[in-house]
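Structure, as structure tokens:
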Amino acid sequence: MMTFSALMFTSVLLGLALVVNSQIISHGPSAVPASPGSRTLATNDLSTGCGKSPTITSGVYSTTVNGQQRQYTLTLPQNYNPSNPYKLIFGYHWLGGTMNDVVSGSYYSIQPLADNQAIFVAPQGIDNGWANSDGDDITFTDQMLDTLKAGLCIDESKIYSMGWSYGGSMSYALACARPNVFRGVAVMSGANLSGCSAGTQPVAYYGQHGVSDTVLPIDLGRQIRDTFVKDNLCTSQTPQEPAVGSGTHIKTEYSGCSGGHPVWWIAFDGPHEPLATDAGASSPWTPDQIWEFFSQFD
Ligand SMILES: *[C@@H]1O[C@H](CO)[C@@H](O)[C@H](O)[C@H]1NC(C)=O
């Protein structure tokens with residue numbers, strides 16, 4: 001069992017001045033550009049909840065998974081419209097964290113950037129972690145997806161997962177096990193802690209990791225990234241990483257990846273933390289990067 005220090009995530013979040021990006025995101029069956037490799041939004045990408053009055057709303061829900069009661073929090077956009085196909089974004093908490101922490105942290109500060117064009121879900125892990133024993137956290141995710149797709153209007157070609165630390169590891173496990181469900185994942189300071197069942201099909205992959213991470217050293221992040229460098233058929237390379245003390249981050253977009261399956265890797269001068277901030281900057285670069293990664297498929 002790994003011992004994680006609880007870290008100062010809450011204080012990091014409280015210290016943030018959020019920049020609300022008020023971009024307008026166009027949606028609708030004919031609004032999706034056919035960029036190389038992107039799937040065109042087709043009728044079969046619309047969940048069965050589209051066009052129906054919602055059967056669920058924002059709040060805490062329970063479901064039974066392999067005999068165990070599990071909980072998750074659902075956050076709908078304001079003015080939810082059942083004829084608008086929304087992105088669906090799962091935010092998994094870190095070890096010792098809770099779904100409430102993810103919600104109160106505005107889903108790793110991504111929610112304000114979504115401008116009411118995404119549905120967010122924060123699942124709660126057993127013992128505040130994502131051991132995914134016997135795949136039970138994958139099954140839990142499958143069950144949430146069934147409920148959400150039936151009750152809400154979701155663009156099924158835009159389902160994402162993100163998380164920090166154990167939550168990043170869980171997002172990695174989902175990319176491995178459910179490559180045809182998740183369009184992309186954002187793994188912040190993750191490792192192979194929740195397993196990787198299969199892990200042989202391409203999924204758009206975003207990884208960020210601190211070069212001075214002593215909880216889950218950066219090499220663990222490189223290893224899981226390389227699962228998708230390989231699966232996405234990207235050209236293998238050794239990305240540049242910033243020097244300790246540089247106060248910067250370096251982003252690498254892999255080349256040669258198969259259509260619709262980019263791999264982004266951002267190494268930063270910092271420790272085990274989700275919302276990395278460059279020296280002298282007043283807000284972290286992390287939320288904008290993850291939102292841009294998810295939004296590239298719009
Ligand atoms: C991940 O860890 C599991 C053990 O939990 C191991 O079986 C698997 O080979 C690892 N795989 C990858 C691709 O990270």
- [ ] Based on alpha-carbon positions alone, could you give the equivalent ellipsoid semi-axes of the range 191-242 from the gyration tensor, as √(5λ), descending, whole Å?
- [x] 20, 15, 7
Open item on the list: Test of understanding: what is the full-extension gain from S283 to N81, defined as 0.36 nm times their sequence separation minus their Cα-Cα distance?
Closed with: 69.5 nm
- [ ] Apply 1/(1 + (r/R0)^6) to the Cβ-Cβ distance of T98 and T200, taking R0 = 35 Å, and write down the FRET efficiency to the nearest 0.05.
- [x] 0.60
- [ ] Return the loop-located trypsin sites (Lys or Arg not before Pro) in the range 49-121 (DSSP other than H, G, I, E, B) with at most 16 other Cβ atoms within 10 Å of their own Cβ; answer none if there are none.
- [x] K52
Open item on the list: Could you check the spin-label model distance between T235 and N116? Points 7 Å from the Cα along Cα→Cβ, value in nm.
Closed with: 4.5
Task: Helical contribution to [θ] at 222 nm, DSSP H n ≥ 4, -39,500 (n - 2.57), averaged over the chain, rounded to 500 - done: -6500 deg cm²/dmol
Open item on the list: If you wrap a convex hull around the alpha carbons of the range 47-105, what volume per residue comes out, as a whole number of Å³?
Closed with: 114
Task: Cα→Cβ-extended label distance, 7 Å offset, between D127 and V181, nm - done: 2.3
Task: Extension gain (nm, one decimal) between V244 and Q143, 0.36 nm per residue minus Cα-Cα - done: 32.1 nm
Open item on the list: Based on C-alpha coordinates, I'd like the Rg and Dmax of the range 59-296, in Å.
Closed with: 16.7, 50
Open item on the list: Need one number: % antiparallel among DSSP beta bridges in the range 59-296, to the nearest 5.
Closed with: 40
- [ ] Quote the charge dipole size of the chain about the Cα centre in Debye, to the nearest 20; the model charges only the Cβ of Lys and Arg (+1) and of Asp and Glu (-1).
- [x] 500
TODO: Obtain the nm distance between the two label points defined at S258 and V60 by a simple spin-label model: each point lies 7 Å from its Cα along the Cα-to-C-beta direction.
DONE: 4.2
- [ ] May I ask you to sort T64, T139, T277 by Cβ crowding, counting other Cβ atoms within 10 Å and putting the fewest first?
- [x] T64, T139, T277
Open item on the list: Let me see the P(r) profile for the range 235-298: every Cα-Cα distance counted, bins of 5 Å, each bin given as a percent of all pairs.
Closed with: 3, 16, 23, 23, 18, 12, 5, 0
Task: the range 59-296, relative contact order [Cα under 8 Å, separation at least 6], % - done: 16
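Each reported figure results from applying straightforward, stated rules to the coordinates on display, with no laboratory input. From a predicted model like this one, the values you see are computed outputs, not experimental measurements. So basically every Cβ, Gly included, is an ideal-geometry build from the backbone, and we count neighbours across all protein chains shown.
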